[in-house]
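See below for the structure under consideration.
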Amino acid sequence: MSRFYDTPERYSLISRTLHWGMALLFAMQFVTAALRWALPREDPLREFFWAYHAPLGTTLFLLVLLRGAWGLINLRRRPAPHAGLIGRAALAGHLAIYALMVIVPTLRLIAAAGSTRGFSYLSIEIFAPRETKIAWMDAMAEWHGELGWILGLLVLGHIVMAVGWHHLVKRDGTLQRMT
């Protein structure tokens with residue numbers, strides 16, 4: 001049973017699967033956003049990848065909620081955070097990443113609820129199209145984009161710290177606990 005729950009020495013199979021599965025989906029999500037930003041509007045490649053952005057984002061949002069619940073269940077079992085300034089900075093970074101993983105899709109869902117296009121996930125209508133948009137709700141789409149890029153930068157910093165600082169410089173086994 002212990003392999004399913006986190007321990008002070010290592011994250012569980014479930015925690016690692018959620019972490020790395022979400023990492024892959026986030027990479028795909030950032031690729032879709034980067035291609036939409038970089039390619040001309042009429043480019044078929046841009047539109048092909050962009051079609052996956054909302055379904056991937058919704059799937060990620062559901063996984064974030066699941067992962068958050070799983071993390072709370074395992075909170076007392078997890079490896080202890082590092083001490084000192086680096087440990088506090090890591091905690092702040094992780095909290096910021098988790099907060100944005102909830103805020104960014106929530107803003108987009110608010111925008112979808114106020115739009116004339118509506119929103120469906122896996123062919124299930126979540127929000128019906130409106131006849132007229134609700135301006136303040138529709139405006140959340142811009143915040144979704146801007147905060148999404150900030151989330152991307154925080155994730156990049158997370159990778160640099162895990163691989164660069166903990167694995168290559170400190171060689172403290174932090175990365176091995178999640179692999």
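The values are calculated or read from the model by the stated rules, or taken from the named source; none is laboratory data. As the structure is a prediction and not an experimental result, all values here were calculated from the model. Note: ideal-geometry Cβ built from the backbone for every residue, glycine included; neighbour counts use all protein chains shown. The protein model used for the area step is the full one, side chains on, heavy atoms only, and it has no ligands, DNA or RNA in it. Shrake-Rupley method; radii C 1.70, N 1.55, O 1.52, S 1.80 Å.
Out of the total accessible area of the chain (probe 1.4 Å, heavy atoms of protein only), what percent is carbon and sulfur? Don't skip to the answer; put the middle values down first.
On the way: 8160 of 11670 Å².
Roughly 70 percent of what the probe reaches on the chain is carbon or sulfur.
State in Å² the accessible area per residue of segment 118-174; use a 1.4 Å probe, count heavy atoms of protein chains only, and round to the nearest integer. Walk me through the numbers on the way to the answer.
Working: 4170 Å² over 57 residues.
Using a 1.4 Å probe on heavy atoms only, each residue of segment 118-174 averages 73 Å².
Find the relative contact order for segment 57-159 and round it to a whole percent, using C-alpha pairs within less than 8 Å whose residues are 6+ positions apart. Each step should come with its number before you reach the end.
Numbers: 90 pairs, mean separation 26.5, N = 103.
Worked out over segment 57-159, it gives 26 percent.
Quote the FRET efficiency, to the nearest 0.05, computed for E131 versus D43 with a Förster distance R0 of 25 Å and r equal to the Cβ-Cβ distance.
Numbers: r = 32 Å, r/R0 = 1.27.
Here the calculated transfer efficiency is 0.20.
Keeping all protein chains in place, calculate the accessible area per residue for segment 1-51 (probe 1.4 angstrom), answer in Å².
Details: 3470 Å² over 51 residues.
Per-residue value: 68 Å².
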